[in-house]
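One structure is given here, and the rest of the page talks about it.
Any read-out appearing in this document is the output of simple, stated calculations on the displayed coordinates, not a laboratory observation. Since the structure is predicted, the reported quantities are computational estimates derived from the model, not experimental observations. Note: ideal-geometry Cβ built from the backbone for every residue, glycine included; neighbour counts use all protein chains shown.
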2 protein chains.
Amino acid sequence: MDELQLSRVRAFAPATVANVACGFDIFGFAVDSPGDEATVYVDASVPAGEARIASVKGDGGRLPVEVSRNTAGVAVLALLEALKAADRPCRFGLSIELEKGMPLGSGLGSSAASAAAAVFAANRLLGEPFAEERLVAFAAEGERAACGSAHADNAGPALLGGFVLVRAYEPLDLVRIPVPTELWCALVHPHAEVSTKEARDALPAQYPRATLVAQSGNSAGLVAGLFASDYGLIGRSLVDLVAEPWRARLIPRYAQVKEAALVSGALGAGISGSGPSVFALVRGRDTAERCTQAMKAAVESGGLGCDARVSRIMGTGARVLTEE
Amino acid sequence: MDELQLSRVRAFAPATVANVACGFDIFGFAVDSPGDEATVYVDASVPAGEARIASVKGDGGRLPVEVSRNTAGVAVLALLEALKAADRPCRFGLSIELEKGMPLGSGLGSSAASAAAAVFAANRLLGEPFAEERLVAFAAEGERAACGSAHADNAGPALLGGFVLVRAYEPLDLVRIPVPTELWCALVHPHAEVSTKEARDALPAQYPRATLVAQSGNSAGLVAGLFASDYGLIGRSLVDLVAEPWRARLIPRYAQVKEAALVSGALGAGISGSGPSVFALVRGRDTAERCTQAMKAAVESGGLGCDARVSRIMGTGARVLTEE
């Protein structure tokens, strides 16, 4: 890594829906938008092998700019550390500019999108020393900085796109799951905020064996439904016994929003990540539009503002926007 | 059901491997042999709508012949009860002859095979009032008589054949999972006995959240590997965090048998049902033969006798042998 072909890379990584009802910490998928942008560039004022956060926009000044406390910073530091461990230390200093395109604490994988965009840009800038799968591990380190847990169910699809299974964490084992062509996502983001850490703390440390059996049955069922394009099976599998019973109360009008989705024809619905966003999986774009509007109305009838989106489930993941 | 076309049906149901390492209570598959046979016939000496066990062979006199305590009897009674509930009560009395083709307490789904063969024969005799999926529920009731729990991970594949996911129990939701053509099973049955009830009692009532996450990741991973014919993923997914840590000690030389399978090229190995049988999933018949021999040798070096078999994973389930 004596010379670089590039000096500056700007990358995008999308919002993601993690957990997907029956796959706590193991399932996630990318949506088309929104997403975060990160620009990484060679900066002679930064010591070789180090990184700093040059700027953060779109966060209302709330994110830490200290590199070791910023999710994107931590992810890039993990990448630089891995280069060093491989005896290929980076001979350049890097600066990172972040542009948030989605709200914090929305349950849409905001921190993962920042981390994914930043490591994707850094990896590209440095000549792509790492495969995308490895970048997920770096981004997951960024997640640890954000919420205390290195989960990869947002970072995986934010980088790889599509629907991703995190089969295991040690070592990280990611599996891309095919998605039936008519499967769409209805997504609403009530204008409230849920702290990922608080949402995790709300969960029990132990679960009854019956819950474990039911959860593994549903997660296996969802994968089978996705592979077989069995929409009925997909719907029946979208049962959340692990998080929803404890997190529903953190989310404004959750029961009404979920009910609105189901009544409007959704296959199933659940909390996106740790909320307050709520997703539904739907067969067909028209039904997805209808579900989205019904879910949005259910939020707004409680007096809260709400963004709503319809998205494919097979979106691309992180990608370069510009490079020079 | 005023007249019957048949008066006597003899049916076979195969042995099954349940749990399959990462799918406690949700996964099972049928093997080619051994299996149990049941003959069900119209018996004028039995009151209409009732059933009795006429004889049991091959069990060394150990199985109860009281119909309400025999797994096959309970299954047939559940079928008769369902007919009654549907206002189509059976106008005949039935007798059941059981012929055990496999040992009790072997971990090969012995009780499920008897129940499956009996309900399959009874259903055929009565003009097939129920679909196979429904028969699984009746056979699962037989399992409850045998071990106190109405699990369906043996009864499902014993009736349907192939690899079966029990997505949920209430109501029962069975999913057939396709199996890659080169996938084989190596199976050994050490000549020891494990009580299913004792094996269930050995398990904790609660599991840490991390175990739940890992188990659902592996069960989703195994389904993905089976659908995608990804043998590596199948192997990596065969991790048992729920039963093996507590049941391994109940099984003679378990660690050595498992090690022998892995060293001989198995993708993965685990306890078949509640043991003491041990299975391995293997790519290719030749490797399966080699694994089976190595596993058998590992059992026998401990001074215990052992049966060993190689089987496909896509075997047929219950079937009629003769009818008149």
Legend entry - Lys/Arg +1, Asp/Glu -1 at C-beta; chain B dipole; positive extreme among B:Ala122, B:Val194, B:Phe163: B:Val194
Legend entry - Per-residue Cβ neighbour rank within 10 angstrom, fewest leading, B:Trp246, B:Trp184: B:Trp246, B:Trp184
Legend entry - Shielding by partners - mean other protein chain Cβ count within 10 Å, residues of A:163-174: 4
Inset, instruction - Apply the Karplus parameterisation 6.51 cos²θ - 1.76 cosθ + 1.60, with θ equal to phi minus 60°, to every residue of the stretch B:166-176 and state each ³J(HN,Hα) to the nearest whole Hz, in sequence, with x for glycine and proline. - result: 8, 5, 8, 9, 10, x, 5, 10, 9, 10, 7
Legend entry - Mean Cα-pair separation over length for chain A, i.e. relative contact order, pairs under 8 Å, 6 or more apart, %: 25
Legend entry - Span-rule helices in chain A, defined as complete DSSP H runs reaching 24 Å or more along the axis (Cα) with Kyte mean at least 0.0: A:209-228
Legend entry - Note, ³J(HN,Hα) from phi for the stretch A:153-163, Karplus 6.51, -1.76, 1.60, rounded to Hz, x at Gly and Pro: 6, 8, 4, x, x, 4, 8, 8, x, x, 9
Legend entry - Estimated dipole of chain B in Debye, rounded to 20 [Cβ of Lys and Arg +1, of Asp and Glu -1, Cα centre]: 660
Inset, instruction - Just tell me which aspartates and glutamates come within less than 16 Å, Cα to Cα, of B:Lys57; anything on the same chain fewer than 8 places away is out. - result: B:Asp36, B:Glu37, B:Glu66, B:Glu97, B:Glu99
Legend entry - At 7 Å out from Cα toward Cβ: A:Glu323 inter-copy label distances (nm, ascending): 6.6
Legend entry - Separation of alpha-carbon centers, the stretch A:219-241 and the stretch B:133-206, rounded to whole Å: 20
Inset, instruction - Given the options A:Pro204, A:Pro103, A:Pro276, state which has the largest fluctuation in a GNM of chain A using a 10 Å cut-off (strictly under) for Cα springs. - result: A:Pro204
Legend entry - Positive minus negative residues near B:Leu233 (Lys, Arg vs Asp, Glu; Cβ under 9 Å): 0
Inset, instruction - Please give the average number of partner chain Cβ atoms lying within 10 Å of the Cβ of each residue in A:221-234, rounded to a whole number. - result: 4
Legend entry - Sparse-neighbour loop sites [GluC sites (Glu not before Pro); the stretch A:192-298; at most 16 other C-beta within 10 Å; DSSP]: A:Glu193
Legend entry - Under 30 Å from the Cα of A:Lys258 - lysines, other chains or at least 8 residues apart: A:Lys100, A:Lys197, A:Lys296
Legend entry - GNM top mover of A:Ala30, A:Ala269, A:Ala118 - chain A, alpha-carbon springs below 10 Å: A:Ala269
Legend entry - Value of [θ]222 nm, deg cm²/dmol, for the protein assembly as shown, DSSP H segments ≥ 4, -39500 (n - 2.57) each, nearest 500: -11000 deg cm²/dmol
Inset, instruction - Take every residue in peptide B:23-29, count the Cβ atoms of other chains within 10 Å of its Cβ, and give the average of those counts. - result: 4
Legend entry - Within a Gaussian network of chain A (alpha carbon springs, distance under 10 Å), most fluctuating of A:Ser111, A:Ser55, A:Ser195: A:Ser55
Inset, instruction - Give the whole-number value, in cubic angstrom per residue, of the convex hull volume spanned by the C-alpha atoms of the stretch A:183-312. - result: 95
Inset, instruction - Any chance you could check the Cα centroid distance between the stretch B:17-86 and the stretch B:273-317 for me, in angstrom? - result: 26
Inset, instruction - Put a label point 7 Å from Cα along the Cβ direction on A:Glu259, then list its distances to the equivalent points in the other copies in nm, shortest first. - result: 5.9
Legend entry - 7 Å along Cα→Cβ, label-point gaps from A:Glu133 to other copies, nm, shortest first: 3.6
Inset, instruction - Please report, in cubic angstrom per residue, the volume enclosed by the convex hull of the alpha-carbon atoms of the protein assembly as shown. - result: 156
Legend entry - Evaluated at q = 0.11, 0.15, 0.16 Å⁻¹: base-10 log I(q)/I(0), Debye formula over Cα of chain A: -0.64, -1.12, -1.24
